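In what follows, a single structure is set out as structure tokens and then discussed.
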């Protein structure tokens, strides 16, 4: 029976209650003494009923609506960003393709310029790379 207060609490249950207590303390619903007392009790709780008793006089909080990105669920159907890049995988792949092709065009231009003795010093590759890069930058994520 999932709602039975006599069921043993897991570490995840204790961590969830600790996170909720932190949010209530941050919102000013708990003083520092109350927070520390309830946190100690939460970490020592053995049953779900003991954890529920720590939160019974506090309003419910949805941890997934907090600004901490590690606690939020992504919207359905969205692509997860690459860690640290701020880009979705598909958007990053487009920029990687741009960088690869632009590098190749630069090398072709450089080899041609050297082979012709400087007769092809006009940087034509900038038109392709520049327009493509501009289109990628303007594209919505």
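The values are calculated or read from the model by the stated rules, or taken from the named source; none is laboratory data. Everything numeric here is computed off the predicted structure, so don't read it as measured data. Don't worry about glycine lacking a Cβ; one is built from the backbone with ideal geometry, like all the others, and counts go over all protein chains shown.
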query = On the given criteria, is residue 16 in contact with a helix residue (DSSP H, G or I) (Cβ under 9 Å, 6 or more places away or on another chain) and within 14 Å of residue 61 (Cα to Cα)?
reply = yes
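Residue check: is residue 72 at pLDDT below 75 and touching a helix residue (DSSP H, G or I) at 6+ places or on another chain (Cβ under 6 Å)? Lay out the reasoning, then the answer.
On the way: at pLDDT below 75: yes; touching a helix residue (DSSP H, G or I) at 6+ places or on another chain (Cβ under 6 Å): yes.
Taking the combined requirement at face value, the residue satisfies it.
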inquiry  = Just to verify a result, which residue in region 44-67, among those that are assigned to a loop (DSSP other than H, G, I, E, B) and either modelled with pLDDT of 90 or more or more than 29 Å from the chain's Cα centre (by Cα) (or both), is nearest to residue 15 (Cα to Cα)?
reply    = 45
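Taking region 4-43 as the region of interest, how many residues are on the phi < 0 side of the Ramachandran plot and either in contact with a strand residue (DSSP E or B) (Cβ under 6 Å, 6 or more places away or on another chain) or outside any helix (DSSP H, G or I) (or both)?
First, the residues of region 4-43 that are on the phi < 0 side of the Ramachandran plot: 4-27, 29-43.
So of that shortlist, the ones also either in contact with a strand residue (DSSP E or B) (Cβ under 6 Å, 6 or more places away or on another chain) or outside any helix (DSSP H, G or I) (or both) come out as 4-10, 27, 29-31.
Number satisfying all stated conditions: 11.
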Residues located in region 25-43, provided they are under 22 Å from residue 8 (Cβ atoms) and surrounded by 15 or more Cβ atoms within 10 Å (Cβ to Cβ) = 38, 39, 41, 42
